[in-house]
Amino acid sequence: MSAATATTTKTDIDDLLLAKPKGRRAFVDNLMRGLVWVAAALALIPLVWILLTVIIKGAPLTVAVPPDYTQICVATADSTRAPTSACGELTGTPPDGYKWYWVPGGRHDAVGTTFNPYGSQTTFPTGEDVRVRAASSDGKAWILLPSLQWWTEPLGSSVDFSPRGGALQAIYGSVVITLLCTVVAVPLAMLGAIFLVEYARGTRLGRAVSFCVDILTGIPSIVAALFIYALFVTILGGQRSAFATAIALAMLMLPTVLRSTEEMLKLVPDSLREASYALGVPRWKTILSVVLPTARSGIITGVILGIARVMGETAPLLILVGYATNMYFDPFNGSMGSLPTMINAHRTTATQFAGYDRVWGAAFTLILIVMLLNLLARGIARAGRLKEK
C-alpha cells in the first residue's frame, strides 16, 4: 500500500469518527436524544410536582398553628377582621342596628366576598348574604402563628373544623409500628439472604425458596392484612392491635429487604471468603466478620427501602388496628393512631376546615420521616467507608 493510499485511508477514518452525523444517522441520533429527554421529563415532572404540592400544602401546618378561634364573626356590613373577643355590637354601624353573628370557625372566602350563611344557622337572617371577616389577612388561609403543636400534642378531642390539635399520636403510632415491623422482618430477611447465598446457592432448595420470595413480593397489602387477621385474630383469638399490624407489614417488608441483602452478599468477592477459609475461620464466623461488614452499606440501604415500602401502607392499619386521636402506649392491645390512618380519617373534610389541612400535614410528615431515614442511612454508610480507609 502506498503512502498516499495510507494517508487517504487514515483521513477517511478520522472524518468518519469525528465529523458530525449527517443524513439518516443525524436524524436517528437527534430522535433518540429527544426521546431520552422526554422520558426523563415524564419521570421527573410528576415526582417534583407531587413533592412540591405536599410540601407547599403540608409544611405550614407542621411549623405553625391557626389562631384559637372556634368561631369567626360575620356581619351584614363591610368591616375589617377582628378577634373573637371583639365580636358583638358593631361600632359606627348604620342606625338600623347591624350586628355581628356567629358562624362555624374555619377557612372561609376572602375578606369582602359574599358569604351565603348555612341554612342551619338561625342566629341571623338565613336568606341574607353577609360579609365574612375571614380568618386570614389575605382571605386565603388561616392566620398561622409559630408553634410546635403539630409535633408535641395529640389531636385529642379536636374535630375537623377545630384548628387546634397536633399529630403526636399519629407520629408516635407510625414510628412504633414501623419499629416493630423492622424488628420482626429484618432478622428474618437477613437470615434468608444468608441462606440463599452462602448455603443454598445453586441448589434445588434455594431455587424453591427464591420462588416463594418472588411470590411474596407481589402480594397486595390487603391480602397480607386479611391473612394476619384470619390467623392472629380469628384462629388464635388475639386482638386487633399495633403488633398484629406490624406482623402484616413485616410480610411486605421481608421480600424487599431479603432481595436487596441477597444482591449485596453476591457482590462480595469470593476471594474474601476463600482467604478467610484458608486461615481456618469457620463459615459462620466468615459470614459475620467478613461478608456482612463488606456488604453493610448496601444492606442498610435495603432496610431503608423496606421501611419506605411499609411506612405509607394503609390497608393493614385499617383492618388490624383502629385509629385513635389520643396517645396509647400499649402496642399489644387497643387502637393506635398513625399517619396513614390520619390521612384516611380526614380525607373527606371540606376544604374550609382544619381537618383538610391535617391531611396534607400528615402526608408531608410521612415524606419528611422517610427523607430523614434516607439521610441517616447515607450517614451510616459514609461513616463506614471512612472507617475502612
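So is S271 part of a helix (DSSP H, G or I) and either over 39 Å from the mean Cα position of the chain (by Cα) or farther than 21 Å from V209 by Cβ (or both) or not?
In short, yes.
Could you check segment 200-259 and list, in sequence order, the residues that are of a type in the set (D, E, K, R), surrounded by fewer than 17 Cβ atoms within 10 Å (Cβ to Cβ) and not in a helix (DSSP H, G or I)?
Listed by number, the list holds a single entry, R201.
Please work out if T245 is touching a residue at least 60 places away in the same chain (Cβ under 8 Å) and more than 30 Å from N333 (Cβ to Cβ).
In short, no.
Answer yes or no as to whether Y277 is closer than 23 Å to L339 by Cα, assigned to a helix (DSSP H, G or I) and open to solvent by 20 Å² or more (accessible area, probe 1.4 Å).
Here the answer is no, as Y277 does not meet what is asked.
Quick check on my filter: what residues within segment 286-308 are part of a helix (DSSP H, G or I) and among the hydrophobic types (A, V, I, L, M, F, W, C)?
Correct list: I287, L288, V290, V291, L292, I299, I300, V303, I304, L305, I307, A308.
The rows are residues; the columns are (1) over 20 Å from the mean Cα position of the chain (by Cα); (2) at pLDDT 90 or above; (3) surrounded by fewer than 16 Cβ atoms within 10 Å (Cβ to Cβ).
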{"site": "I299", "(1), (2), (3)": "yes, no, no"}
{"site": "M311", "(1), (2), (3)": "no, no, no"}
{"site": "Y328", "(1), (2), (3)": "yes, no, no"}
{"site": "F332", "(1), (2), (3)": "yes, no, yes"}
{"site": "T341", "(1), (2), (3)": "no, yes, no"}
{"site": "T365", "(1), (2), (3)": "no, yes, no"}
{"site": "I369", "(1), (2), (3)": "no, no, no"}
{"site": "L375", "(1), (2), (3)": "no, no, yes"}
{"site": "G384", "(1), (2), (3)": "yes, no, yes"}
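Is it fair to say M264 is open to solvent by 10 Å² or more (accessible area, probe 1.4 Å), touching a residue at least 12 places away in the same chain (Cβ under 8 Å) and assigned to a helix (DSSP H, G or I)?
Considered against the rule, which asks whether it is open to solvent by 10 Å² or more (accessible area, probe 1.4 Å), touching a residue at least 12 places away in the same chain (Cβ under 8 Å) and assigned to a helix (DSSP H, G or I), M264 comes out as yes.
The values are calculated or read from the model by the stated rules, or taken from the named source; none is laboratory data. Being a predicted model, the structure only gives us computed values, none of them experimental. Neighbour counts run over all protein chains shown; Cβ positions are idealised from the backbone, glycine included. The accessibility values were calculated without ligands, DNA or RNA, using every heavy atom of the protein model including side chains. Shrake-Rupley method; radii C 1.70, N 1.55, O 1.52, S 1.80 Å.
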